[in-house]
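Please treat every number below as a calculation from the coordinates, not as lab data. It should be emphasised that the depicted structure is a prediction, and the values quoted were computed from it without experimental measurement. Don't worry about glycine lacking a Cβ; one is built from the backbone with ideal geometry, like all the others, and counts go over all protein chains shown.
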Amino acid sequence: MNLYDDLKERGLIYQVSNEEAVKKYLEKKGYFYAGFDPTAVSLTIGNLLVITLMKRLEKAGLKPIALVGGATGMVGDPSGKSQERVLRNEKEVKESTAAIKKQLANFFEIKKIKFVNNLDWFSKISLITFLRDIGKRFSVNEMLAKEAVKNRLEAGISYTEFSYMILQAYDFLNLYRKYGCALQIGGSDQWGNITAGIELVRKNSSEEVYGFTTPLITSSDGVKIGKSELGTIWLDSKLTSPYAFYQFWMNIDDKDAVRFLKYFTFLPLEKIKEIEKEFSKNPQNREAQKALAKEITIFVHGESAYKRAQKISEVLFYGDVKKLNLKELEEVLLNTEVVRLEKFDSLSVVDLLVLAKVVDSKRQAREDILNRAIEINGGKMISASFAINKKNLFFGKYLVIKRGKKDYKFAIVR
């Protein structure tokens with residue numbers, strides 16, 4: 001199976017400007033690019049599909065260009081947004097640009113990938129020159145017909161965001177002129193910007209360039225993935241721990257697991273079919289989720305982080321919490337709600353359960369203790385007369401309270 005057919009079989013091609021031409025271009029192993037605007041200090045799993053797609057093309061011999069938009073990040077892309085973005089200042093954008101470039105470098109072979117910042121060319125062109133040479137190439141009527149603009153007309157869109165597609169189109173023209181880059185990829189919300197770039201290159205050079213998009217990633221219920229109960233899933237381990245990241249993929253719905261294996265992992269399609277076959281027979285074993293969580297966690301955070309996340313999961317759900325070291329426990333707490341308790345000499349277990357929001361009342365606390373449903377820091381034999389003191393704390397300040405088989409609450413004593 002050739003590269004294009006593999007991408008199509010995986011469901012990774014949603015819109016394409018010229019299918020036959022793109023097939024041939026992929027075989028030529030030329031340059032391609034994807035853009036990332038520095039809207040935060042880290043990328044999220046919303047960016048992950050494009051990153052894995054770039055990696056697939058790199059593995060196939062194509063030459064990746066990662067554009068981090070130091071200029072476009074100052075403007076804000078209206079695509080996929082129902083209201084105007086809050087503009088970021090120059091210092092914030094500069095810091096985020098550097099952070100995202102560093103983050104992206106972890107996924108690619110440094111000798112093969114080129115990093116560019118569109119501030120390099122936008123800072124060298126005057127507004128008048130840009131309007132005369134580039135703006136003149138765009139029809140307002142055509143711009144109004146683009147989805148990103150059309151969807152915002154009722155709510156309102158500023159000229160700043162309205163002009164975004166012209167800026168991105170100019171990126172494509174610059175990369176075509178400098179590197180001969182004739183292919184842009186991106187998420188489906190970028191289709192209007194990609195086609196604007198294709199048209200600009202054609203009008204300026206009479207040459208054809210190409211683009212294709214990945215589908216919008218939604219769950220089987222139609223919900224856009226990328227959020228959890230605790231918020232955004234970041235690719236930065238300081239913002240979303242590898243354990244929380246791993247658990248996000250472990251908890252993917254059965255209906256989505258095999259599809260996401262095709263989207264996000266580099267497993268051969270034949271291997272995915274084997275997993276699917278076993279998964280359909282014994283879904284309770286969650287083989288598809290295990291493969292998904294393993295492959296993606298290793299790709300984003302590395303083998304050791306995956307093994308640590310796997311160990312933490314085993315300990316929390318099936319083992320003894322006392323086996324967690326300080327680093328592992330703090331990794332769990334990074335993306336978990338933690339109750340902060342005032343320092344105490346002694347505290348009854350009944351009061352603790354109420355203060356830590358494990359139960360709503362002392363009556364419920366006593367009932368759970370009587371039913372042996374409560375564990376504190378791995379201790380199973382808890383009575384209503386039991387008192388917590390400094391000796392009972394993990395690492396001098398932490399309490400891990402388990403109610404039932406899998407319901408955990410965490411507390412820190414200040």
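Here the 3J(HN,Hα) profile of segment 241-253, calculated from phi with Karplus coefficients 6.51, -1.76 and 1.60 at θ = phi - 60°, is 5, x, 5, 5, 4, 4, 5, 4, 6, 5, 9, 4, 4 Hz, Gly and Pro shown as x.
Amide H to amide H distances under 5 Å link ASN18 with GLY211, where only residues 5 or more positions off or on other chains count and H is placed in the peptide plane. Need one word for segment 236-335: rounded, prolate or oblate. Basis is the Cα gyration tensor (sqrt eigenvalues a ≥ b ≥ c); a/c below 1.5 gives rounded, then a/b vs b/c decides. Verdict is prolate for segment 236-335. Each residue of segment 68-75 is assigned a 3J(HN,Hα), and the resulting list reads 9, x, x, 8, 5, x, 7, 9 Hz, derived from the Karplus form 6.51 cos²θ - 1.76 cosθ + 1.60 (θ = phi - 60°), x at Gly and Pro. Is the C-alpha gyration tensor of the chain telling us rounded, prolate or oblate? Criteria: a/c under 1.5 is rounded; beyond that, a/b larger than b/c is prolate, otherwise oblate. Taking the square roots of the gyration eigenvalues as a ≥ b ≥ c, the chain is prolate.
Using a ≥ b ≥ c from the Cα gyration tensor of segment 3-214 (square roots of the eigenvalues), is it rounded, prolate or oblate, where a/c under 1.5 gives rounded and otherwise the larger of a/b and b/c decides, a/b for prolate? Rounded, since a/c falls under 1.5.
Going highest first, how would you order 263-269, 192-198 by mean Cβ packing within 10 Å?
Answer by packing, highest mean first, reads 192-198, 263-269.
Applying the Karplus relation 6.51 cos²θ - 1.76 cosθ + 1.60 with θ = phi - 60° to segment 167-177 yields 3J(HN,Hα) values of 5, 5, 4, 5, 4, 4, 4, 5, 5, 5, 5 Hz, where x marks Gly and Pro.
Taking the DSSP bridge list for the chain and keeping only pairs wholly inside it, about 50 percent are antiparallel.
Applying 1/(1 + (r/R0)^6) with R0 = 35 Å to the Cβ-Cβ distance of ARG56 and GLN284 gives a FRET efficiency near 0.65. Applying a DSSP loop filter and a limit of 13 other Cβ atoms within 10 Å to the chymotrypsin sites (Phe, Trp or Tyr not before Pro) in segment 1-102 leaves TYR14.
Given a 10 angstrom Cα cut-off, can you work out which residue in GLN168, GLN83, GLN184 is the most mobile in a GNM of the chain? Answer for the Gaussian network model of the chain: GLN83.
Shown here for segment 345-400: trypsin sites (Lys or Arg not before Pro) in loop regions (DSSP other than H, G, I, E, B) with at most 15 other Cβ atoms within 10 Å, namely LYS357, ARG372, LYS380, LYS397. Close amide H contacts of GLY187 (hydrogens built in the peptide plane, cut-off under 5 Å, sequence separation of 5 or more or a different chain): THR214. Under the combined filter of DSSP loop state and at most 15 neighbouring Cβ atoms within 10 Å, segment 122-217 retains these trypsin sites (Lys or Arg not before Pro): LYS124. In terms of distances greater than 22 angstrom between alpha carbons, the cross-link table entries LYS28/LYS294; LYS136/LYS203; LYS323/LYS390; LYS63/LYS146; LYS63/LYS102; LYS327/LYS391 yield LYS28/LYS294; LYS63/LYS146.
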